[in-house]
Each structure stands twice: as C-alpha cells, then as structure tokens.
Amino acid sequence: MGLERREFTREFKLSVIREMDAGKSLAQVARKYQLDPSLICKWRKLYQRHKDEAFVGRGRVPEYQTQSEARASLSKFIEKVYNQKRLHSALGYLPPAEFEQALALKTVS
C-alpha cells in the first residue's frame, strides 16, 4: 500500500521557504514538516526564479477553457514550430523549411 500524495498550498510553501531564509537549516525544516529536502530545494529554486508566478495553480500550465482551444494551440505549435524546425532523417537531417528552400533552388537552377 503506497503513501497518499500530499498537496501543499502556496502559503505553506512560502512559509517553508521563509524559515530557510530566516536561518534554519534545510535538514531542520525538512524534519519539522516531514518533507524531502529535495522538494524544499525545488520550491526554493522555483520561488527565486519566478517570485510572483511561483506556486500558482497545480502546475498544469497552460490550461485551456475548451477542447477546441487546446486543439487550435496544438495545431499552431505543429505548424510553426514542429514542422518548421524539427530535423528529419529522410530530408538529410534538415528542417522541412530548409529542405524545401534547397529543393526550390535546385529546381530553379
């Protein structure tokens, strides 16, 4: 039987980080709250990098209001990023856009 996954509020995470900033050691804080030290380090790093945006929501970003919004976003990603920048072995490890440009130059010449 596994352990139940705990969820922590933004306020709790911030209070843990503040205790460390006040001078308590990582080991002391981890023991006090029965947390893994690596989790506290992860929270602290996230807070240092993103201050206001840290610990918002449940870590599932971006969230879409409808399924059609998500599909539209995925379509844009595929067309603008994946299809334009990915390397393809059948194209000599060139992105499709570069391969098409090279092919057009060969055809014109």
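The values are calculated or read from the model by the stated rules, or taken from the named source; none is laboratory data. Since this is a predicted model, take the numbers as computed values, not measurements. Reconstructed Cβ throughout: ideal geometry from the backbone, glycine too, with neighbour counts over all protein chains shown.
Among helices (runs of 4 or more DSSP H) entirely within the chain, having at least 2 residues that are surrounded by 11 or more Cβ atoms within 10 Å (Cβ to Cβ), among the aliphatic types (A, V, I, L, M) and modelled with pLDDT under 90 singles out 67-77, 96-108.
Cβ-Cβ distances below 6 Å connect the following pairs, each with a first residue in the stretch 51-68 that is under 24 Å from Leu14 (Cα atoms), a second residue that is aromatic (Phe, Trp, Tyr) and at pLDDT 70 or above, and a separation of six or more residues or different chains: Ala54/Tyr47.
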